[in-house]
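Any read-out appearing in this document is the output of simple, stated calculations on the displayed coordinates, not a laboratory observation. Everything numeric here is computed off the predicted structure, so don't read it as measured data. With ideal geometry, Cβ positions are generated from the backbone for all residues, glycine too; neighbour counts draw on all protein chains shown.
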Amino acid sequence: MMKRNWLYGLCILFFLTACNGIKTVNSDMEDMLLGCENEMSTLILWIDKAKGEKVTDWGHFKNVKVRANVYVDGTFRILSWCKKQEPDVIAYIEKRVAAFKITQFFFDEGYIEPGEQYLQLKYVPEKVNRK
């Protein structure tokens, strides 16, 4: 009887030790997302601003930090999001980014270089088409 209780205790201990080392896909994704919160953004981009439009006319805006690959021609591609975003916000920002180009001035002055880096994108939530 004593050996059986000891065996049960050993099995439970083994099970708890084995389960402690298992990570789910969701926790790995959360680790990746939370990993870039401490990173500094290389550049802040106002992706909603059109020529001649004043920023003061916007009202309320939000910031989103992303890891992106910046190309020499001023375009960039979002590789990951630092915080989880709603699908309509992701679709809106990706649509705006497709038409957005970083000014050559930032490359010439050394504020940004081509390659992978963190960017902060500012957008107006009222412009997001929520259905």
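Quick notes on this one:
- Long-range HN-HN contacts of Trp46 with modeled amide H, under 5 Å: Lys122
- Projected label distance in nm at Glu116 and Ile90, using a 7 Å step from Cα toward the beta-carbon: 1.9 nm
- Note, ³J(HN,Hα) from phi for region 85-91, Karplus 6.51, -1.76, 1.60, rounded to Hz, x at Gly and Pro: 10, 5, x, 5, 5, 4, 4
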